[in-house]
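Coordinate-derived values only; no laboratory data. These numbers were taken from a predicted model, which means no experiment stands behind them. Using ideal geometry, Cβ is built from the backbone for each residue, glycine included, and neighbour counts are taken over all protein chains shown.
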Amino acid sequence: MEGPSAETKAQLQRVADLMLEIYQTRAEMRCIDVAAIKPGPHDLTRLMLHHQSLRLDPAVIYLYSILP
């Protein structure tokens, strides 16, 4: 399974960065606990077989790994 291109990774990183900004703003507003924010990357190795069984696009898997 080939991974996403560098351009796609850059776009997905922008999405993850924006989501992190949203979570941080919500934490400042006291809507969520700052300790609940776990920035990526996350190790999704244990979920790889499940992702493959669902035939998820490698870009989606990459996005899951970098989202906060």
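Listed conditions (1) surrounded by 11 or more Cβ atoms within 10 Å (Cβ to Cβ); (2) without any contact (Cβ under 8 Å) to a residue 24 or more places away in the chain are all met by A10, apart from (1).
Is it the case, given these coordinates, that Y23 is among the hydroxyl-bearing types (S, T, Y), over 18 Å from G3 (Cα atoms) and either in contact (Cβ under 8 Å) with a residue 12 or more places away in the chain or touching a Cys at 6+ places or on another chain (Cβ under 8 Å) (or both)? When the stated conditions are applied, Y23 passes them. The set of residues in segment 35-54 being farther than 23 Å from A6 by Cβ and assigned to a loop (DSSP other than H, G, I, E, B) consists of I37, K38, L54. For segment 13-34, filtering for residues that are in a loop (DSSP other than H, G, I, E, B), in contact with a helix residue (DSSP H, G or I) (Cβ under 8 Å, 6 or more places away or on another chain) and surrounded by fewer than 14 Cβ atoms within 10 Å (Cβ to Cβ) leaves 1.
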